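The values are calculated or read from the model by the stated rules, or taken from the named source; none is laboratory data. What you are looking at is a predicted structure, and each value in this text was computed from that prediction instead of being measured. When we count neighbours, we look across all protein chains shown, and the Cβ atoms used for this are built from the backbone with ideal geometry, even at glycine. What goes into the accessible areas is simple: the full protein's heavy atoms, side chains included, and nothing from ligands, DNA or RNA. Shrake-Rupley method; radii C 1.70, N 1.55, O 1.52, S 1.80 Å.
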Amino acid sequence: MKIALRVALLIVVVLAAGWLWTVLFPSPEKIVLRRIHGLAATATISPGEGTITRAGKVSSLISYFSTDAEISYDLPDYGTRTISGRDEIREIAAGGFSTVGALKVQFVDATARVGADQQSAEVACTARVSTESNKDFGIQELRFQLKRIDGDWLITRVETVKTLQ
Amino acid sequence: MQDTNHSAENPGWVQIVLIGRRPEFTLLRIFVLVLLCVVTVKFVLLPIRVAGISMEPTYHNHQIDCVNRLAYWRHGPQRGDVVAIRYSDPGPFSAPSQMLMKRVIGLPGETVWFHRGRVYINGRLLDEPYLKTPCDWEADPMTCGPDQYFVVGDNRSMPFKDHTKGRADRDRIIGKVLL
């Protein structure tokens with residue numbers, strides 16, 4: 001039994017060492033996913049946040065996108081549209097942030113695939129949006145394309161994915 | 001001295017209740033039990049909470065249920081099955097956290113047509129005893145691909161445009177709703 005315990009202990013130590021390694025030296029996929037989750041946290045608005053905080057969040061939100069970024073959506077209630085460039089994204093984000101009371105954005109079930117060149121990546125995820133009054137306000141499958149620009153992973157394209165054809 | 005040895009071999013009742021006569025076996029049992037629970041919840045019976053009214057009156061908002069992920073291991077979904085459909089793929093070692101709950105009405109290759117609130121499969125009227133509400137849906141015929149299933153909710157009293165429905169790829173159907 002002592003041997004079994006020692007083996008179990010060894011397995012625990014190896015697993016802990018492996019986990020620590022991934023924390024200290026994260027893979028590009030992990031860095032990309034962290035970036036996407038950071039975007040969700042920035043897009044989340046708490047009820048008590050004032051105008052200045054919200055304006056700061058808009059600037060922070062824009063920093064996740066490349067200058068030529070595109071957001072293309074096809075949604076049942078909102079139709080089809082493509083938002084092009086940081087300026088247009090900023091304009092729409094500012095308008096949305098000033099009118100919404102509170103919003104919680106989460107990107108769940110996310111997986112990242114980094115290209116062989118380690119300079120481009122694609123993330124597939126599901127956006128879950130909750131408001132104060134409606135916990136299940138909206139769920140939408142999304143695909144992000146990112147590029148490594150000046151050492152930072154920036155979003156170059158976001159598009160909605162149709163779950164059902 | 002004899003007493004000391006005796007107490008070491010025969011642990012007190014507190015120890016027996018808390019960690020058992022042989023702590024190492026208790027530890028092993030806990031490990032196996034936790035592993036079994038994790039594997040079951042992630043890969044076999046996925047617990048779900050219904051959100052929304054699209055499956056009323058069969059399933060209600062906030063109802064708790066389970067998805068049997070092994071239901072379609074040997075065969076594909078059957079007409080009438082209530083299935084869980086994933087959104088984005090979380091990868092092989094994770095269970096999706098967001099799913100659609102819908103009923104399969106059209107099988108691969110079949111044409112589904114909504115006319116005056118009734119469903120026609122390849123031109124033949126589909127008997128749907130689970131429907132309890134009136135429906136006035138009207139839509140052009142839609143044909144499923146070789147690996148697609150047409151899914152729709154049971155609440156057909158909702159406006160057609162507000163109801164999520166359509167063709168789901170086979171690999172998106174993760175299992176059958178248990179109850």
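Here is how the numbers come out for the structure above:
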| read-out | value |
| --- | --- |
| Minimum 20 Å² accessible area buried by the other protein chains, the range A:117-137 residues, probe 1.4 Å, relative to alone | A:T126, A:R128, A:D136 |
| Estimated inter-spin distance, A:D77 and A:S63, nm [label 7 Å along Cα→Cβ] | 3.2 |
| Percent antiparallel among DSSP beta bridges (both partners in the protein assembly as shown, rounded to 5) | 95 |
| Reachable lysines, given that their alpha-carbon falls under 28 Å from the alpha-carbon of B:K132 and they are not under 8 places away in the same chain | A:K135, B:K102, B:K161, B:K165, B:K176 |
| Accessible area (Å², 1.4 Å probe, nearest 10) - A:W153 | 10 |
| Computed over the range B:81-120, the ratio Rg/Rh where both radii use C-alpha atoms and Rh is Kirkwood | 1.13 |
| Inter-centroid distance (Cα atoms) of the range A:1-79 relative to the range A:119-159, Å | 11 |
| Integer Hz, Karplus 6.51/-1.76/1.60 couplings in order for the range B:158-174, x for Gly and Pro | 5, x, 3, 6, 8, 9, 7, 7, x, 8, 9, 5, 4, 6, 8, 7, 9 |
| Acute angle (nearest 10 degrees) that the helix B:23-39 long axis makes with the longest principal axis of chain B, alpha-carbon atoms | 0 |
| Residue with peak Gaussian network fluctuation, chain A [Cα springs, cutoff 10 Å], from A:L15, A:L103, A:L75 | A:L15 |
| Sum of -39500 (n - 2.57) over DSSP H runs of 4+, divided by residues of chain B (222 nm, nearest 500) | -5500 deg cm²/dmol |
| Alpha carbon convex hull of the protein assembly as shown, volume per residue in cubic angstrom | 229 |
| Accessible area (Å², per residue) of the protein assembly as shown, counting only protein heavy atoms and a probe of 1.4 Å | 59 |
| Measure of compaction for chain B (Cα Rg per 2.2 N^0.38 Å) | 1.55 |
| Over chain B, relative contact order from alpha-carbon pairs under 8 Å, at least 6 apart, % | 22 |
| Rg [Å, one decimal], Dmax [Å, integer] - chain A, C-alpha atoms | 19.5, 66 |
| Cα-based reach from A:K147 at 27 Å (exclusive), listing lysines while leaving out same-chain residues under 8 positions away | A:K30, A:K57, A:K104, A:K162 |
| Span from the the range B:105-179 Cα centroid across to the the range B:44-98 one, whole angstrom | 16 |
| Candidates B:V39, B:V112, B:V17, ranked by Gaussian network fluctuation over chain B, Cα under 10 Å, top entry | B:V17 |
| B:D81 long-range amide H proximity, modeled H, under 5 Å | B:V104 |
| DSSP H segments from chain A that extend 20 Å or more along their own axis, Cα-based, with Kyte-Doolittle mean of 0.5 or above | A:2-24 |
| Relative contact order of the range A:28-160, pairs being alpha-carbon contacts under 8 Å that are 6 or more residues apart, as % | 26 |
| Within a Gaussian network of chain B (alpha carbon springs, distance under 10 Å), most fluctuating of B:H75, B:H60, B:H163 | B:H75 |
| For the range A:1-47, the Rg and Dmax computed from alpha carbons only, in angstrom | 18.0, 56 |
